[in-house]
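J.: Mind looking over this structure? Questions follow.
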Amino acid sequence: MPAEGEGYDVVVVANRLAVDRDGTDKDGHPRWKRSPGGLVTALEPVMQSQEGAWVGWPGSPGDAEDAVSEPFDWGGMHLVPVSLSAEEVQGFYEGFSNGTLWPLYHDVIVAPEYHRQWWEDYVAVNERFAAAAAEVAAEGAVVWVQDYQLQLVPAMLRAARPDLSIGFFNHIPFPPYEIFAQLPWRRQVLEGLLGADLLGFQRPGDAQNFLRACRRSLQLVPRQQAVEVPAADGGRRRVTARAFPISIDAAAMDELARSPEVRERARQIRADLGDPDTVVLGVDRLDYTKGIGHRIKAFAELLDDGLLRADETILVQVATPSRERVEQYRLLREDIELQVGRVNGAHGTLGHQVVQYLHHSYGREEMAALFQVADVMLVTSLRDGMNLVAKEYVAARHDERGALVLSEFTGAADELGQALHVNPHDIDGLKSAVVQAVVMGPREQRRRMRSLRRRVFEHDVQRWARDFLAALRPDVGADVGAEAV
Ligand code: GDG
């Protein structure tokens, strides 16, 4: 524990730091830029107003030449890097997090691998994150742990620092017990999570799955979204598990999309695509949970059937490179690229590819422009905690045009009732929804888009952070995004 009167009142613990490395300045010091993504946006105001620290991995192995291991201050936050060796990156991150937990928690779309060495790395790295948080948190601080990579941190932290208020948010689904039960270390994971006071999940069903797992595996009886566990002082402690659906910084996306540069870029993209009647868009990390193959299959069949015309329609698929050192992701890339090649081979003409496949990552401006070009947005995840892309599309459509096709297996489907909901496994149903979206008239687009926008703007990421922190510790929650209220 820090000396009396020292330390930080709010501590976020996440796999990644809030900043990304941006080269080195002329004096050889590391330069940093803010990480993209909603989490940093949502938490920055509370971090700045409340003496906040952020604990996370800087993104390159600790034994790399340019590794950073000393804490530093940046953008009004205190940043605490946690070093991982190259072996730990492999065992903890690529292995246990992305080769075991990710597929297990996404309904075993691919088979999870169970390796005892990966588990040992996961435990060791979670210990390091917990120790770093324990060292910087002030007496009675709030610590908010993020995501499936760090499920053991709550209990480890509580053992070291029973004075803290500990929250945890799971960004991905929590699976039904029948699937979770495969995990050889299921008790340890549940006990790790139960170190928190408040556990946040994307959907109510995820929270229920967690509570059912506690009943089945630990014989704890849930009551009113909570279980009671033994406390260090010999008494009982309540652990609450509830849904707090995450969102985006809707106002920021709206402002970006309205900017003259982005609008001009949207016009240019449409012209570069040959001014087709209909642009259909997909934007995803190249991940097997996102149903990219299902969407291309449906699109290809619509071309085969003559229900879409290759000279009038284009599918733009941005597939952002992701987890490229994990075998399943390499195989997925090969499958998708083969599929794209086949469709273009069958339906393309000289100078015109009907599927524009882009294996790159783009800046936010380009994303906002692409959203405005898209007459139809396709989100066909087989399983997805929330899916922020669906919400970003809505926030970018200030013109109230466009149609969103949305998988019912996303958290976003619970909130976005006016999207066209699909079961991506049902290829015929998916094809019908795409056709319905393509032919949807402007009046219906507007009616649906207005309702979608209302939801996304009222439930933005600032509200998500405020609601969570207010439930964990009302004195802290009141400050989050206060200027936006
Ligand atoms: C996990 C859960 C949950 C993507 N490519 C580029 C780019 N992106 C941005 C998107 C969006 C974010 O990345 C992806 O968020 P998603 O929610 O769609 O999906 P995951 O990465 O799987 O996120 C998910 C989320 O955590 C939050 O809790 O919703 O269910 O799986 O913001 O726009 N951004 C830029 N260039 C790209 O090429 N700038």
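J.: I'm told L406 meets every condition in (1) within 16 Å of the ligand (Cβ to nearest atom); (2) free of Cβ contacts under 8 Å to residues at least 60 places away in the same chain; (3) surrounded by fewer than 19 Cβ atoms within 10 Å (Cβ to Cβ) except one. Can you identify the failing condition by its number?
T.: Among (1) within 16 Å of the ligand (Cβ to nearest atom); (2) free of Cβ contacts under 8 Å to residues at least 60 places away in the same chain; (3) surrounded by fewer than 19 Cβ atoms within 10 Å (Cβ to Cβ), the lone unmet condition for L406 is (3).
J.: Looking only at the stretch 105-115, how many residues end up being surrounded by fewer than 23 Cβ atoms within 10 Å (Cβ to Cβ) and touching a residue at least 40 places away in the same chain (Cβ under 8 Å)?
T.: 6
J.: Further question on the same structure: Are there helices (runs of 4 or more DSSP H) fully within the stretch 415-485 with at least 1 residues that are out of contact with any Cys (no Cβ under 8 Å at 6 or more places or on another chain), of a type outside the set (D, E, K, R) and at pLDDT 95 or above? List them.
T.: Where helices (runs of 4 or more DSSP H) fall fully within the stretch 415-485 and carry at least 1 residues being out of contact with any Cys (no Cβ under 8 Å at 6 or more places or on another chain), of a type outside the set (D, E, K, R) and at pLDDT 95 or above, they are 427-439, 442-458, 461-472.
J.: Please go through the stretch 51-69 and give me each residue that is farther than 17 Å from D22 by Cα and either assigned by the TED database to the domain that holds N387 or at pLDDT 80 or above (or both), ordered by number.
T.: G52, A53, W54, V55
J.: Sort out which residues of the stretch 3-62 are in a strand (DSSP E or B), open to solvent by 50 Å² or more (accessible area, probe 1.4 Å) and free of Cβ contacts under 8 Å to residues at least 12 places away in the same chain, and write them in order of number.
T.: D22, R31
J.: Can you name the condition, by its number, that Q418 falls short on among (1) open to solvent by less than 50 Å² (accessible area, probe 1.4 Å); (2) away from the ligand (no atom under 13 Å from the Cβ); (3) over 20 Å from the mean Cα position of the chain (by Cα)?
T.: The failed condition is (1).
J.: Let me ask something additional. Provide a single number: the residues in the stretch 142-167 that are assigned to a strand (DSSP E or B) and open to solvent by 10 Å² or more (accessible area, probe 1.4 Å).
T.: Qualifying residue count, the stretch 142-167: 1.
Conditions tested, residue by residue: (1) modelled with pLDDT of 95 or more; (2) within 14 Å of the ligand (Cβ to nearest atom); (3) of a type outside the set (V, I, T).
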residue	(1), (2), (3)
I166	yes, no, no
P175	yes, yes, yes
F180	yes, no, yes
R203	yes, yes, yes
R242	yes, no, yes
D249	no, yes, yes
A252	no, yes, yes
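J.: Considering the stretch 116-131 alone, what residues qualify as being within 14 Å of V55 (Cβ to Cβ) and surrounded by 22 or more Cβ atoms within 10 Å (Cβ to Cβ)?
T.: Hits for the stretch 116-131 are V125, N126, F129, A130.
J.: Answer with yes or no whether L430 is within 16 Å of the ligand (Cβ to nearest atom) and either closer than 30 Å to A251 by Cβ or assigned by the TED database to the domain that holds L256 (or both).
T.: Criteria not met by L430.
J.: Which of the residues belonging to the stretch 268-282 are within 16 Å of the ligand (Cβ to nearest atom) and either open to solvent by less than 10 Å² (accessible area, probe 1.4 Å) or in a loop (DSSP other than H, G, I, E, B) (or both)?
T.: L281, G282 - these are the residues of the stretch 268-282 that are within 16 Å of the ligand (Cβ to nearest atom) and either open to solvent by less than 10 Å² (accessible area, probe 1.4 Å) or in a loop (DSSP other than H, G, I, E, B) (or both).
J.: Follow-up. Here are the criteria: (1) of a type outside the set (V, I, T); (2) more than 16 Å from the ligand (Cβ to nearest atom); (3) part of a helix (DSSP H, G or I); (4) more than 12 Å from V13 (Cβ to Cβ). Tell me which single one E139 does not satisfy.
T.: Going through (1) of a type outside the set (V, I, T); (2) more than 16 Å from the ligand (Cβ to nearest atom); (3) part of a helix (DSSP H, G or I); (4) more than 12 Å from V13 (Cβ to Cβ) one by one, E139 breaks only (3).
The values are calculated or read from the model by the stated rules, or taken from the named source; none is laboratory data. Note that the structure is a prediction, hence the values are computed from the model and not measured. Note that each Cβ is placed from the backbone with ideal geometry, even for glycine, and that neighbours are counted across all protein chains shown. In case anyone asks, the SASA skips ligands and DNA or RNA and just uses the protein heavy atoms, side chains included. Shrake-Rupley method; radii C 1.70, N 1.55, O 1.52, S 1.80 Å.
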